[in-house]
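What follows is a structure written as C-alpha cells; I'll ask about it next.
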Amino acid sequence: MATILAIETSCDETAVAIVNNCEVHSNIVASQIDVHRVYGGVVPEIASRQHLEMINLCIEQSLSGAEYQWSQIDAIAATVAPGLVGSLMVGVTAAKTLAIIHNKPFLGVHHLEGHIYASYLNDPQLKPPFICLLVSGGHTSLIYVKDCGIYEMLGSTRDDAAGEAFDKVARLLGLSYPGGPAIDRIAQTGNTEAFPLPEGRISTPEGGYHPYDSSFSGLKTAVLRLVNKLQTENGQILPINDLAASFQATVARALTKRAIACALDYGVKTIAVGGGVAANSALRQHLTAAAANHDLDVHFPPLKLCTDNAAMIGCAAADHFNRGHRSSLSLAVQSRLPI
Ligand code: KG4
Ligand code: ZN
C-alpha cells in the first residue's frame, strides 16, 4: 500500500490530495472559475499566478485534513503533461521541492492517465480492460485501457473538445462560463427535436466515416447560423432552451455512438466516463440506455472525481509506485504529450 501526496495544476484548479492506493484521505480543490469567468474562459497567465498563490495553502490543508505527517508519505506525485505549461510548472516544481526536502521519490503523471484512474477511486473492483470516454474542456478521447500504463488512443476530436463546444455554444446563447452546466440546466425544459443539427462525422479517404473520432466545430457553426437566422426572424427572442436541448442531445448521441462502437469492436464489457462533461444529463441518459441495449456496463464517477482533482493523480501514481516506477527530478513539463 502506497501513500501518495499528489498535486494537479494542469489547468485552472489548484488541487492537492493524499491517497492510500485507491483510498482518498484528503482531496483539496481550489477552483479558479470565478477569476476566469469575466474573461469567458481560462487565461493561462492568470491561472499560473493563481496556482502560485494557492499551492502552499492547498498542501497544508491536504496534510492537516488527512492528519498526516510527512513521515507517513511514501512519494510525491504531480501532473507533468499535458496542460498549460506555466500552470504545470507550479505543481511540478512544488512536488520536486517537497521530494528533495523530505527525501521522498517523485512521480510525474500524465493528466489523462489520472482521469482514467478516477474510475478506480470510485470503484476499486473495476479491472482492465475497459474503454475510457474522457470528455472535458480540453479533451475528447476514447482510450482502450489494457493495463496500468498500457493505453491505446482509439479516437479523439479533430477540433474543439466536447466541453469547449459546450462553452462556445453557451456564449452564443448568452449564457455565462462555464457553459456546460448552464446549457444542461436550460435544456431540461427544451425540445431536443426542435432543431436537427449535424453530428460532425469525420470522412475517411475510402468514402466512409471514422467510427471513433469526433468533430464539434461544424456543430458549433450550425448553432451560430441558426442563432443569426432566428434573431433576424424574431428580433432578440431566441428559443435558447430548445437550442440548448437540441445541441446537447446531438453531442450526447455522437459521443455515445463512438464509445459503444469502441467497446463492441474491442470486445470490452465496460465503459468508464471521466472529465467535466461526464456530468451532462443527456450524455448520462443516452450512454446508459445504449450500454444496456448492448449488455455493457457504464461507470460514471461522482462529479468531484470526474473534474480535475489530485486524488486521481495520486491513485495513478500509487499504482506506478507499487510497480517500482520512479521519475527523475529532471523530468520536464510538456504542454502536449500522447498518453
Ligand atoms: O474536467 P473539467 O472540469 O476541466 C477540464 O477541462 O479539464 O471540465 C470542464 C468542462 C467545461 O467545458 C464545462 O463546460 C464542462 O466540463 N461541463 C459540462 C457540464 N458540467 C461541466 N458540460 C456539459 N454538461 C455539464 N453538466
Ligand atoms: Zn482534466
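Using only the alpha-carbon atoms, how far is helix 111-122 inclined from the longest principal axis of the chain? Give it as 0 to 90 degrees, nearest 10.
Approximately 90 degrees, to the nearest 10.
Give the dimensionless ratio obtained when the Cα radius of gyration of region 203-339 is divided by 2.2 N^0.38 Å.
1.39
Follow-up. Throw me the Rg/Rh for region 185-249, computed over C-alpha atoms with Kirkwood Rh, two decimals.
Here Rg/Rh amounts to 1.08.
For every helix of n ≥ 4 consecutive DSSP H residues, a contribution of -39,500 (n - 2.57) applies; sum these over the chain, divide by its total residues, and give [θ] at 222 nm rounded to the nearest 500 deg cm²/dmol. List each step's numbers first, then the result.
Values: 11 runs with 150 residues, N = 339.
Value at 222 nm, helices only: -14000 deg cm²/dmol.
Between helix 162-172 and the chain, what is the angle of the helix's C-alpha long axis to the longest principal axis, kept within 0 to 90° and rounded to the nearest 10?
50
Another one. Starting from the Cα-Cα distance between Gln334 and Gln285, subtract it from 0.36 nm times their residue separation and give me the gain in nm to one decimal.
My answer for the length gained is 14.1 nm.
Using packing as a proxy for protection, rank 256-269, 107-120 so that the peptide with the highest average count of other Cβ atoms within 10 Å comes first.
Sorting 256-269, 107-120 by mean packing, highest first, produces 107-120, 256-269.
Just Glu13, Glu206, Glu23 to compare: in a GNM of the chain, with alpha carbon springs under 10 Å, which one fluctuates most?
Between Glu13, Glu206, Glu23, it is Glu206 that shows the largest mean-square fluctuation.
Can you grab the distance from the C-alpha centre of region 135-159 to the C-alpha centre of region 296-334, Å, no decimals?
Cα centroid to Cα centroid, the span is 14 Å.
Give me the mean projected area, in nm² to one decimal, of the convex hull enclosing the Cα positions of region 127-300. Before the final figure, lay out the partial values.
Values: hull surface 41.7 nm².
Over all viewing directions, region 127-300 projects a mean Cα-hull area of 10.4 nm².
Something else: Which whole-number value in Å³ per residue fits the convex hull of the alpha carbons of the chain?
136
Which angle between 0 and 90 degrees, to the nearest 10, do you get for helix 240-265 versus the longest principal axis of the chain when only C-alpha atoms count?
Once rounded, one gets 60 degrees.
Something else now. State the antiparallel share, in %, of DSSP beta bridges confined to the chain, rounding to the nearest 5.
60
Let me know the charge dipole size of region 61-149 about its Cα centre in debye, to the nearest 20, where only the beta-carbon of Lys, Arg (+1) and Asp, Glu (-1) is charged. Before the final figure, lay out each step's value.
Details: 4 positive and 5 negative charges, 33 e Å.
With Lys and Arg at +1 and Asp and Glu at -1, about 160 debye.
Every number here is computed from the coordinates shown, using simple stated rules; none is lab data. Bear in mind that the values here come from a model prediction, so they are computed numbers and not experimental data. All Cβ positions, even for glycine, are placed from backbone atoms using ideal geometry, and neighbour counts span all protein chains on display.
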